[in-house]
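The values are calculated or read from the model by the stated rules, or taken from the named source; none is laboratory data. Remember, predicted model here, so these are calculated numbers, not experimental data. So basically every Cβ, Gly included, is an ideal-geometry build from the backbone, and we count neighbours across all protein chains shown. What goes into the accessible areas is simple: the full protein's heavy atoms, side chains included, and nothing from ligands, DNA or RNA. Shrake-Rupley method; radii C 1.70, N 1.55, O 1.52, S 1.80 Å.
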Amino acid sequence: KCRTGPLDIVFVIDSSRSVRPFEFETMRRFMMDIIGSLDVGPNATRVGVIQYSSQVQNIFSLKTFFTRADMERAINSIVPLAQGTMTGLAIQYAMNVAFSTQEGARPPHKGIPRIAIIVTDGRPQDRVTEVATQARNAGIEIYAVGIQRADMNSLRAMASPPLEEHVFLVESFELIQQFAKQFQDKLCGVDMCVEREHGCQHSCVSTPGSFYCECNPGYRLNVDGKTCSPIDACADGRHGCQHHCVSVRGSYSCRCRPGYYLSHNKRSCTLIDYCSFGNHSCQHECVSIPGGHYCRCRSGFTLQPDSKSCRATDLCNGVDHGCEFKCVSTEGSYHCVCPEGQQLQADGKTCSKCGAGHVDLVMVIDGSKSVRPQNFELVKQFVNRIVDLLEVSPQGTRVGLVQYSSRVRTEFPLNKYHSADEIKKAVMDVEYMEKGTMTGLALKHMVEHSFSELEGARPLSHNIPRIGLVFTDGRSQDDISEWARRAKESGIVMFAVGVGKAVEEELRAIASEPVEQHFSYSADFTTMTHLVENFSLNICPEEGKGETEIRSPCECEALVQFQTNTVAILQSLTEKNILWARSLAQMTARLEDLEKQIANKK
C-alpha cells in the first residue's frame, strides 16, 4: 500500500454488450486491486463507481462507503447493462454529478485531486473530445484505460496531459490485473506530511506535491494556516439558551441564573419553587421569587411584622362598602344587611321593601343510556322552557346545568352565562353522555360544587334562595338518600321531576317538604312540557316549610307573590289528580284565611 494523501477517485466502467461476462469479472478485480492499495476513509481517499453503456448508472458515490469491504461488496453486486457505448455521456455525468460536493467530492479550495479512471473496450458511439476537455478544465484528471478493441484516438482525446502518463492500452482482459500493479504507481506519491516539517498544530493532510493543515472538531484554522483556535459556538446567537450560553470546544451548554434550574430541554430555565420545600411557615400563602420566597396574606388580611402571620382587616372601616343600612365584617370580606322587614337587593348593598325573588337555580339532568338521544333533545327543550320563564342576569336569577350518567359533568356553572339566550344556546350544545344512572353521585356533586361560591352561588348571607331541580327517567344505581338529605339540610330547595320509569320513592326522597309540592311526574317525554309551568321559580325566601309569614310593611305585595307561587306549584301536580285536588283545597283555605287576617288588620 502507498500513502498518497486524500484523493477523490471515480471509476467510469464500460459495461456495453461487447464486454463479455468473464471479461467484466476481470474489470471488477481491477477496481478492487486499485482500491486495495489506497488509504480510504472520509478524511483520506474517497471512491465512487459508475458504469455505462447506452445509459449511465451510479453504483455508489464518493460519500457512500468509507471502507474497502463495503466497496468490494458493492462492486461484486454490479449487473452489466449490456447495451451501447456512450462514453461521452458517462464523462458528462462524472463531471456534473459524480464529482459534485452533493455526492461527496471535497470542495475545490481543499486542493483534493479529482481523478476519473475510464475503462473501455471499444469505440465510443458519441462525441468525447469536447466533453472531456470540459471535464479537464473543471479540474478532473482523466486516466483512459483501453482494453483489447479500444480506439487509441478516442483514448487520447479523453485523457489528461501528459498523454504518456494518462493513456494505457492493455492487449487483453487477462492482462488488466497485471496492469493494475503498474497503475498503482501512478497514483502513489510522496507523503509531504512525512517528508517535510509541516508545523500543523493538530493534523497534516498530504496532497500530491504539497500538504495542508486541518483542525480537530470544535476548532477553526487560523489565518497562518497552521494553528487552531476554539470555535465559540455561542457567538452566532442560535444557541437558544434562555439565560447564559457557555462555549465548550466547538459546542456549548446552557446555564441558568441563581435561583433557577435548567429544564429538561437543556435550554430554558425554571424558577426554583422555594415554597415547595415546606419550611416557609407562612400562615396563608407562600410566593417563590429568584433566590428565596416571601409570605402573602389573602384578601382582607394584613401581613404582621413577623412577615409570616396574617390578621383580618376590618373592611367595613377600610373600604367604601356602599351598604345602605349596615356593613358587617367577616374574615377577609364583608356583607351588607337590611333592617327587619326589608330585603337585600341583588346588588348586595341596597335594601327594598319587597324582594324580587331572584334565585340560584341548578338543574341536574339524567343523561343515562335509557333516556335515548331523541328524548334527550326533548329534555333540553324542557330545560329551555324553564329558562324562558326566568329573569336571568348577574344580579337576578343565575342558572347552572349538570348532566350525569355513570359519571357527573358540569355543563356550565352558575357564573358562566348572564342572559337567557346564552344559556339556551349552551343547553342545545350539550352532548348526550349515555351509560348508567348514578343519581346519588350527581346530588353529591351538586351539593359540593354546583352551589359553591367558586362556581357562582351567592353567599348565604345574601338570602338568595338556592333551588335544585333533578330530572330522571329511571331507578338510580347508587344510594340517593344520604346526599338528598344533605342537600336539603344545606338550605337547597329540591324539586324532583320523573319521567317514564322513574321511581316515585326516589323522587319523594329527593323533593323538599311538603313533598307533594316539590315533585312531578310525566308518563313519557312527549307529554312532559306541561310540567314547565311549575317552575317559574319566582319563590319568596320565606317559602321554606310550606308556611308563609306575612311581614310588615309588605303584606299586600307578599300575599300577591305567595298567590303567584302557589298557583304555579299547583299547576305542576300532573297525573296525581287526587293529591292535586286535596292540595288545592288546602291551599285555597289557607289563602282565604290569610285574606281574612289582612282584612282584620285593616
When all protein chains stay in place, what accessible area (Å², nearest 10, 1.4 Å probe) is found for THR101? 80
Once label points are set 7 Å from the Cα along Cα→Cβ at both SER281 and VAL319, what is their separation, rounded to one decimal in nm? 3.1
Among the listed pairs LYS416/LYS444; LYS369/LYS424; LYS63/LYS226; LYS424/LYS501; LYS326/LYS424, which are separated by more than 32 Å between their Cα atoms? LYS326/LYS424
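What is the local net charge at SER405, summed over the other residues whose Cβ is closer than 13 Å to its Cβ (Lys, Arg +1; Asp, Glu -1)? The partial results should precede the final answer.
Numbers: positive: LYS369, ARG372, ARG407, ARG409, LYS435; negative: ASP366, GLU411, GLU431, GLU434, ASP473, ASP478.
Result for the local shell: -1.
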Label point at ASN216 placed 7 Å out along Cα→Cβ; residues across the range 225-242 whose backbone nitrogen lies under 14 Å: 228-231
Expressed in nm to one decimal, what extension gain is obtained for the pair ASN96 and VAL194 from 0.36 nm per residue of sequence separation less their Cα-Cα distance? 31.8 nm
Net charge (Lys, Arg +1; Asp, Glu -1) of residues whose beta-carbon lies under 11 Å from that of GLY348, GLY348 excluded, is 0
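Can you give the local net charge around ALA132? Use residues other than it whose beta-carbon is closer than 12 angstrom to its beta-carbon, Lys and Arg +1, Asp and Glu -1.
On the way: positive: ARG127, ARG136, ARG156; negative: ASP126, GLU130, GLU141.
Within the 12 Å Cβ shell, the charges total 0.
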Just reorder HIS284, HIS449 by solvent-accessible area, largest first, 1.4 Å probe, all chains present. HIS449, HIS284
In terms of modelled amide H atoms, which long-range or inter-chain residues lie less than 5 Å from the amide H of TYR219? ILE231
